[in-house]
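Here's the structure we're looking at; comments come further down.
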Amino acid sequence: MATTIAKGMQLTALPPAAGRAGLPGVLRSEFTKLRSVRSTYWTIAALFIVSVGIAALAGVAVTSNLHGNPANKAGLDATQASLGGFFELGQLVVAVLGALAITSEYSTGMIRTSLTAMPRRGTVFAGKLIAFTTVTLIVSVITSFISFFVGQALMSGTGVSASLFHSVSVPMGVISTPTSTTFVGTIVISPGTVLTAIIGTALFVTSVALIAFGLGAIIRHTAGAITSAIGLMFVLPIIIQLLPDTWRWDIMRFFPDGAGRVLSVTIGQQNPHLWSAWPQFGVTLIYAAVILAIGGYLFRTRDA
């Protein structure tokens, strides 16, 4: 069959390229991916429910214990009680989110499409990292504050609840007799100390998510990345506890989990063998930076 072409018809050329694809476009794409995946919402919901739920349970438990025995006030860290669920179990939840943020594309094969659309792998990895870090940090800070306020609201009236607006005094010791209970010595907790604990805990949980993200880039398998993150943050610290004291104390401070135990504390330091809050948090950041650097290098050099 003959094909006729109308006279005067001209084929239009494709529009010229608007410019070299860059990081802003990748960021828009990565934020869209995070919003469009159900696992993101489920994981964030689990983080919030677990953290705030445990804070509420801790508040009820503390109130009940203090009503039954006022001597339990001595040395009670109300801030840590509210944040305990967030920094202990919250890091487990965000580790799952961190692994999924990069391994989900490998499991579905979408990573090939992403790299075809944007061949600059370093830019893709940076975009994924920035988008994920932004979302995780915002969610972590919000969860940390809400966990604190819920826990302290349930502890109000006990005399040990912490505050962001004024200093509080907490008894450090107690002398009990058959007829009376006398508190000996107090420590003043300033609002700045409480704020440091809240923000510091959120930063620690975010850094754990980045460790899991980096492990996901290295392993490229969701279950393997989550297992590795749990092993690093939970299993190895338990094994270290079984070592002789002469080794244990020197090793503990060089593991990334130590920061969570220090940053959430407002009354003294739980373990005198660990460094103070921010140097100990620096150890966690070094782990995150090294693992992310290895993951970024492998992301650029390996086939998808």
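The values are calculated or read from the model by the stated rules, or taken from the named source; none is laboratory data. Note that the coordinates shown come from a computational prediction; the quantities given were computed from them, not determined experimentally. Note that each Cβ is placed from the backbone with ideal geometry, even for glycine, and that neighbours are counted across all protein chains shown.
Assorted remarks:
- Filter result for the condition that a residue is more than 19 Å from the chain's Cα centre (by Cα), crowded, with 17+ Cβ neighbours inside 10 Å, on the phi < 0 side of the Ramachandran plot and not in a strand (DSSP E or B), over Ile238, Ile211, Ile251, Ile218: Ile218
- Some residue of segment 167-186 being surrounded by 13 or more Cβ atoms within 10 Å (Cβ to Cβ), modelled with pLDDT of 80 or more and not small (Gly, Ala, Ser): no
- Filter result for the condition that a residue is under 19 Å from the mean Cα position of the chain (by Cα), assigned to a helix (DSSP H, G or I) and modelled with pLDDT of 80 or more, over Gly282, Gly260: Gly282
Yes/no per residue for (1) within 30 Å of Ser163 (Cβ to Cβ); (2) more than 14 Å from the chain's Cα centre (by Cα); (3) of a type outside the set (Val, Ile, Thr):
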site: Ser36; (1), (2), (3): no, yes, yes
site: Ala55; (1), (2), (3): yes, yes, yes
site: Asn65; (1), (2), (3): yes, yes, yes
site: Lys73; (1), (2), (3): yes, yes, yes
site: Glu88; (1), (2), (3): yes, no, yes
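So that you can scan it fast, the table gives a plain yes or no per residue for (1) buried (at least 19 other Cβ atoms within 10 Å of the Cβ); (2) not aliphatic (A, V, I, L, M):
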{"position": "Gly75", "(1), (2)": "no, yes"}
{"position": "Ala95", "(1), (2)": "yes, no"}
{"position": "Ile102", "(1), (2)": "yes, no"}
{"position": "Pro119", "(1), (2)": "no, yes"}
{"position": "Ile142", "(1), (2)": "no, no"}
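- Qualifying residue in segment 147-154 (condition: within 15 Å of the chain's Cα centre (by Cα), assigned to a helix (DSSP H, G or I) and without any contact (Cβ under 8 Å) to a residue 60 or more places away in the chain): no
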